[in-house]
Amino acid sequence: MIAGGSKASVIAALRGGVVVSCQAPEGSPLKYPTHMAAMARAAELAGAVGIRADGPAFVAAIRAAVALPIIGISKRPDLEPDAYITPDFASVQALVAAGADLVALDATCRPRVGGGAPGAADLIAQVLAAYPDLPVMADVATTAEGLAAAAAGADVVATTLSGYTDGAAPRHGPDIELVAALVAGQPRPVIAEGRYASPTDVRSALAAGAHAVVVGTAITDTLALARRFVAAANQ
C-alpha cells in the first residue's frame, strides 16, 4: 500500500481522473505481471490517477513500478463461478499483502453458489473489521445493489458490472444513467466503469457526478484493439 495513505486520502487521490485497468484477457501474450506493470507505468506517465489490477502477482508487480493508488481485485471463478470478483476474505488478504490500496469486490445480488463464499454485505463487514483503513469498492450492476452496498459500509460504489449479470448482451456504451442514479441515491463516491471507450464517455461520466472513471479495454487490451482493426480490413 502507499506509505501513509489513509482511507480518505486514497479515495481523494482518484477524484476527477482516469483509473486505467491494466488487465489482459486469457489467451493474450501480454498476460504477465511484467507486461502489465509496463502498462501501468505508461498510464502513470500519461497522467492516470490510479490502476486497477487483477491478482496478487499483478498487483505486486505494478506496486513496484508505480506510485499510484492500486484498486486490487482477484478474479476467482474457481471459488465462485458467477460473483467471482474477490469472492472471499482470503482473496482480500492476498491483495492487501501484495500492495493494493483499495479492494474491489462483487456486490451484486447474484447468489453465491461456490460453497462457502459470503454474501456481499457479510464480506464487506468482514473486510472493514479486519482492515479499517482499507477502502472497499463495491462493483454493482443496479441502483438497488449500489444502495445496499453503501448501506453495508462500502466506501466506494462502482458501476463495473452494469449489463453483465442478467445473461443478456451488454448494452452498447457505458451506463451513464446508473452513474447519475447512484450519485443521487447514496452518499458514497461513485466510480464509473464498464465499456468506457472514448474521451467523450469519460467526460459524460464526470458530468454525471462520477468521482473517477475506470478505462480498461480501450487502453490496455491490445488484442481486442487489433482485432477491431483487422475485422474492419476484412469486411
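The values are calculated or read from the model by the stated rules, or taken from the named source; none is laboratory data. Because the structure is predicted, anything quoted here is derived from the model rather than measured. Virtual Cβ from ideal backbone geometry, glycine too; neighbours counted across all protein chains shown. The accessibility values were calculated without ligands, DNA or RNA, using every heavy atom of the protein model including side chains. Shrake-Rupley method; radii C 1.70, N 1.55, O 1.52, S 1.80 Å.
Here are a few things to note about the model shown:
- Interchain or long-range residues, amide H under 5 Å from GLU193's placed H: THR159, THR160, VAL214
- For the stretch 47-52, Karplus couplings with θ = phi - 60° (6.51, -1.76, 1.60), whole Hz, Gly/Pro x: x, 4, 9, x, 10, 10
- Cα gyration tensor shape for the stretch 10-93, rounded if a/c is under 1.5, else prolate or oblate: oblate
- Candidates LEU105, LEU123, LEU223, ranked by Gaussian network fluctuation over the chain, Cα under 10 Å, top entry: LEU223
- Pairwise FRET efficiency - VAL230 versus ARG203, Cβ, R0 = 25 Å, nearest 0.05: 0.30
- Solvent-accessible area assigned to carbon and sulfur over the chain amounts to 60 percent, based on a 1.4 Å probe.
- Modelled spin labels at TYR131 and ALA57, positioned 7 Å past Cα toward Cβ, are 2.0 nm from each other.
- Of ILE73, ILE176, ILE191, the residue with the greatest mean-square motion in the GNM of the chain, using alpha carbon springs below 10 Å, is ILE176.
- Helical runs (DSSP H, four residues minimum) scored at -39500 (n - 2.57) apiece and divided by the length of the chain put the mean residue ellipticity at 222 nm at -12000 deg cm²/dmol.
- For the chain, the square roots a ≥ b ≥ c of the C-alpha gyration tensor eigenvalues yield an a/c under 1.5, which makes the shape rounded.
- Gyration tensor verdict on the stretch 95-231 (Cα atoms; rounded if a/c is under 1.5, prolate if a/b is larger than b/c, oblate otherwise): prolate
- A 1.4 Å probe run over the protein chains yields, for the stretch 116-203, 42 Å² of accessible area per residue, whole-number rounding.
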